[in-house]
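Beneath this line is the structure, given in structure tokens, with notes to follow.
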Amino acid sequence: MSSESRLYTFSPETKAALRKFRLGTSRAKDPQAIIYQIDKSNLEIKRVDDEVYTNVQELADELPDNSPRFMLLSYPLTLASGRLSVPYVMINYLPPTCSSEMRMLYAGAKELMRNQSEVGRIIEIDSAEDLEDIEEKLKGED
């Protein structure tokens, strides 16, 4: 057992919700995203709210200016070849104004969150505006 998995926790409900979201978004026609945070009091990784965001701008509007977040995003797009692809990624949002304590907390949990959510890749962003270019970042993975 890694040290991260002893330090950070996921409730059984969160684990089930992660799996359900991953399986339920693979055939989605619209982008779908959920936001996770780390509860500093008990180091539990949990959803911020019950919202499933289908609009990237609404997702960006929900991000705090000075606190990191993990986002899971399923984003259907058509590749240059004409093939439909639905990449499932984790976005690690780390604004430059957040405290070094929070930076360390999220850095330590990043791989655990990646493994628990079973995403294909992690995209690092440091401002909500970076979400506007998410499609280009996703298309650049092939």
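The values are calculated or read from the model by the stated rules, or taken from the named source; none is laboratory data. In this text the structure is predicted, and so the values were computed from the model without any measurement. Please note: Cβ atoms are built from the backbone with ideal geometry, for glycine as well, and neighbour counts cover all protein chains shown. Quick note on the areas: whole protein, heavy atoms, side chains included, nothing else; ligands and nucleic acids left out. Shrake-Rupley method; radii C 1.70, N 1.55, O 1.52, S 1.80 Å.
Residue pairs whose Cβ atoms lie under 8 Å apart, separated by 6 or more positions or on different chains, with the first residue in segment 37-54 and free of Cβ contacts under 8 Å to residues at least 40 places away in the same chain and the second loosely packed, with under 13 Cβ neighbours inside 10 Å and part of a loop (DSSP other than H, G, I, E, B), are 44/11; 46/11; 54/30. Exactly one residue among 28, 60 is open to solvent by less than 20 Å² (accessible area, probe 1.4 Å), part of a loop (DSSP other than H, G, I, E, B) and under 24 Å from residue 120 (Cβ atoms), and that residue is 28.
Can you find, within segment 89-132, the residue that is modelled with the lowest pLDDT among those that are assigned to a helix (DSSP H, G or I) and open to solvent by 80 Å² or more (accessible area, probe 1.4 Å)? Among residues in segment 89-132 that are assigned to a helix (DSSP H, G or I) and open to solvent by 80 Å² or more (accessible area, probe 1.4 Å), the one modelled with the lowest pLDDT is 132. Restricting attention to segment 69-88, the residues that are surrounded by 11 or more Cβ atoms within 10 Å (Cβ to Cβ) and either polar (S, T, N, Q) or within 22 Å of residue 13 (Cβ to Cβ) (or both) total 8. Right, residue 22: among the basic types (Lys, Arg), open to solvent by less than 50 Å² (accessible area, probe 1.4 Å) and under 25 Å from residue 128 (Cα atoms) or not? It is false that residue 22 is among the basic types (Lys, Arg), open to solvent by less than 50 Å² (accessible area, probe 1.4 Å) and under 25 Å from residue 128 (Cα atoms).
Would you confirm whether or not segment 31-52 contains a residue that is open to solvent by 50 Å² or more (accessible area, probe 1.4 Å) and closer than 14 Å to residue 76 by Cα? Looking for residues that are open to solvent by 50 Å² or more (accessible area, probe 1.4 Å) and closer than 14 Å to residue 76 by Cα, one finds none in segment 31-52, hence no. The residues of segment 1-18 that are free of Cβ contacts under 8 Å to residues at least 40 places away in the same chain and surrounded by fewer than 14 Cβ atoms within 10 Å (Cβ to Cβ), listed by number, are 1, 3, 6, 11, 12, 13, 16.
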